[in-house]
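The values are calculated or read from the model by the stated rules, or taken from the named source; none is laboratory data. On a predicted model such as this, the values are computed, not experimentally measured, just so you know. FYI the Cβ positions are ideal-geometry reconstructions off the backbone, even for glycines, and counts take in every protein chain you see. SASA here: full protein model, heavy atoms, side chains in, ligands and nucleic acids out. Shrake-Rupley method; radii C 1.70, N 1.55, O 1.52, S 1.80 Å.
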Amino acid sequence: MAYKLTDALLTTGQLSLFCGVTLRTVQRWQSSKRIKPASRTLGGHARYTPEQAKLIRKRLCEQANLAEFD
């Protein structure tokens, strides 16, 4: 299932769907500081901007030598 971007901030789960990786992968990236959330909720949950999501997906595609997908 793909995730369509809006102007709203993305949750960790939405980011994983948009990038085509598992939720656990995004969580590992967070804990290893490979990615940094744009903000956190009062409860401590990470939120990402659509621009961050696009950049992360672009880097994943470049690493896999793929053209960026929509």
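Phi-derived couplings, Karplus 6.51 cos²θ - 1.76 cosθ + 1.60 at θ = phi - 60°, listed residue by residue for region 42-49: 4, x, x, 7, 6, 9, 10, 7 Hz, with x used for Gly and Pro. Normalised per residue, the accessible area of the chain is 71 Å², obtained with a 1.4 Å probe and no contribution from ligands, DNA or RNA. Between the listed residues Tyr48, Gln27, Leu15, the Cα displaced farthest toward the positive end of the dipole of the chain, a dipole computed from Cβ unit charges relative to the Cα centre, is found at Gln27. Amide H to amide H, with H built 1.01 Å from N, Leu10 comes under 5 Å of Tyr48, Thr49, counting only residues 5 or more places away or on other chains.
Give the carbon-plus-sulfur fraction of the accessible surface of region 4-70 in %, rounded to a whole number; probe 1.4 Å, heavy atoms of protein chains only.
53
Computed from point charges on the beta carbon alone (+1 for Lys and Arg, -1 for Asp and Glu), the dipole magnitude for the chain about its Cα centre is near 340 Debye. Each residue of region 24-37 is assigned a 3J(HN,Hα), and the resulting list reads 4, 4, 4, 5, 5, 4, 5, 5, 8, 6, 5, 10, 10, x Hz, derived from the Karplus form 6.51 cos²θ - 1.76 cosθ + 1.60 (θ = phi - 60°), x at Gly and Pro.
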